[in-house]
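The structure appears below as structure tokens.
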Amino acid sequence: MARNRIPAVAAALALLALASFNAAAGWQGTWHYYDEEGVLVGSWTAGCGAKDGRWGIVTSNKTFTQGCRDES
């Protein structure tokens, strides 16, 4: 039984680390806010360091782009 405990603990720790990484990466990105006509009226970037920030207005018509992108 002790032989099985070490691999089981290692597997559990690996799954926990993977879940923690996915949770941390899941909130990095940008919300884009649009008006009723589909015109971009604001955005909010979070989790991207120096690129974090908000501008414009917040509406219920929104989309989310996951991840931090380089300016190009």
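The numbers here are math on the coordinates, done by the rules we state, and not lab data. Owing to the predicted nature of the structure, the values given are computational and were not obtained by experimental measurement.
Output wanted: per-residue J couplings in Hz (rounded whole) for segment 62-69, from phi through Karplus 6.51 cos²θ - 1.76 cosθ + 1.60, θ = phi - 60°, x for Gly and Pro.
9, 9, 10, 10, 7, x, 9, 10
In whole Hz, with x marking every Gly and Pro, tabulate ³J(HN,Hα) for segment 45-51 from phi via Karplus 6.51 cos²θ - 1.76 cosθ + 1.60, θ = phi - 60°.
Along segment 45-51, the couplings run 9, 9, x, 10, x, 5, 7 Hz.
Around G42, which amide H atoms from residues at least 5 apart in sequence, or from another chain, sit under 5 Å from its own amide H, with H modelled in the peptide plane?
Residues meeting the amide H criterion: Y33, I57.
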